[in-house]
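Below you'll find the structure, written out as structure tokens, and then a few comments.
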Amino acid sequence: MKKLFVLSLTLLLAILPAGWALAESVQIYGTVVCTQPKPIVCAAQGVIEQITCSVGDHVSAGDVIATVSTQKVYASTDGTVYLFGAPGDAMTEIAEEYGAVAYIDPAQPYTMTATAKNANDGIVRVIPGETVYLRCYKDGTHKGTGMVVKVKDGKYTVNIIEGTFLKGESVSVYRDQDYSYSSYIGRSTMQTLDIIPCTGEGNLVRFHVTNGAQVRKGDLLYETISGVFAPGNMNREQVAVSADGIIAAIHVKVGEELAATSSTETGNASTDGQTSQMTQSVTAAAPVQIAELYPDDALRVVAYTPESLLSSIQVGDTVHVTCQYVENMAEPVSGTVEKISRIPAAEENSIEAQYAVYIRLSDANSFYYGMNVVVATEATK
């Protein structure tokens, strides 16, 4: 009976049409690659302050991988600060409209410049930074303390630290608190300090004080940064990735300065009716590539099929992919043939031409870039 069944099966296969013949599964070999690496660029100019990732790390869209130093502007004196513009604005535009990004109205708005002479009209030596004591010349009712901030050509400038005076009144300067005759070093007319403008370069990043706030000398007022920025980009000192993927390369290091790049431009110049070509080097701000990303959606398997097997693999076919050297892999992962190159790969030791087959995996979680894989087609009738 068994012999009769085998004979019958043999006869059946012999009389089946050619299209009904069983096609065996074929295997080809390949690797896991990224088909569309994505540059990560920094639009800001400055020093790399921090890098928060390493090559091989997986990152998500929006993750910040690096930060660039900003230019920080500090209060030059105590006073009340008034702010203009908004984060993201160009400093030149703020200056054109308001004159400055911030103004400080000094807490002590008085200053005076006197000739360094004693009571006997003799020349005295005054040192920048020394504290002096002030009293109005008229009746001595207005008193205060000041600091010598500048000495030049026999004259010195005093900024008032405390005390109340009137603009234009005559004030005597002494070295001693008791206003002794021997400590007298000059007299001048009291003036008021101008409101102090604060500017900067590039774009405004953020304010650190509020409009109308009282500030002390040395307080951080705001930060700016230079560069070429897309509209709406508010975190301009931060470099973020735009897609999920693997960091494939990092081209900068902490402390490295990112500056404007130089480019060469060629054009035509006309002189006395004669046209000639001229070349010039132009320095222009442009985003700098600081890293490279392999996006998750660009992960593919590239396998190579000899020309004799081309008819066994078609675009759209389902294939099964196994890691060649990973032991105990649960089961093959299915994939779809996305495209087949019509240009052969350069193979030195192959008699047949080899063609690249690009495969998109249904689940790439188990696969790492550079892995060696085996691709098997499905057996068909």
Flagged in region 133-159 as in a strand (DSSP E or B) and either surrounded by fewer than 16 Cβ atoms within 10 Å (Cβ to Cβ) or more than 48 Å from the chain's Cα centre (by Cα) (or both), in numbering order, are TYR133, LEU134, ARG135, CYS136, LYS143, GLY144, THR145, MET147, VAL149, LYS150, LYS152, LYS155
Does THR199 count as surrounded by fewer than 16 Cβ atoms within 10 Å (Cβ to Cβ) and in contact with a Leu (Cβ under 8 Å, 6 or more places away or on another chain)?
-> no
Determine, yes or no, whether ASP194 is over 30 Å from ALA90 (Cα atoms) and assigned to a loop (DSSP other than H, G, I, E, B).
-> no
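One line per residue, one yes/no per condition, for (1) at pLDDT below 95; (2) surrounded by 13 or more Cβ atoms within 10 Å (Cβ to Cβ); (3) closer than 11 Å to ARG360 by Cβ:
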| site | (1), (2), (3) |
| --- | --- |
| LEU299 | no, yes, yes |
| PRO306 | yes, yes, no |
| LEU310 | yes, yes, no |
| ILE313 | yes, yes, no |
| CYS323 | yes, yes, no |
| PRO332 | yes, yes, no |
| VAL337 | no, yes, yes |
| ILE340 | no, yes, no |
| PRO344 | yes, yes, no |
Search result, residues across region 348-379 that are free of Cβ contacts under 8 Å to residues at least 60 places away in the same chain, under 16 Å from LEU309 (Cα atoms) and in a loop (DSSP other than H, G, I, E, B) | SER350, ILE351, GLU352, ALA353
Going through (1) touching a residue at least 12 places away in the same chain (Cβ under 8 Å); (2) surrounded by fewer than 17 Cβ atoms within 10 Å (Cβ to Cβ); (3) farther than 30 Å from GLY85 by Cβ one by one, ASP178 fails only at (1)
Residues being free of Cβ contacts under 8 Å to residues at least 40 places away in the same chain and of a type in the set (Gly, Ala, Ser): count how many of those fall in region 301-347.
-> 6
Conditions (1) at pLDDT below 95; (2) among the charged types (D, E, K, R); (3) part of a helix (DSSP H, G or I) -> ARG236 fails only (3)
Going by the conditions given, is GLU292 within 30 Å of GLU256 (Cα to Cα), under 42 Å from the mean Cα position of the chain (by Cα) and surrounded by 12 or more Cβ atoms within 10 Å (Cβ to Cβ)?
-> yes
Selected residue [assigned to a loop (DSSP other than H, G, I, E, B) and over 38 Å from the mean Cα position of the chain (by Cα)] from TYR304, TYR325 | TYR325
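The values are calculated or read from the model by the stated rules, or taken from the named source; none is laboratory data. Bear in mind the structure is a predicted one, so any value in this text is a computation, not a measurement. Neighbour counts run over all protein chains shown; Cβ positions are idealised from the backbone, glycine included.
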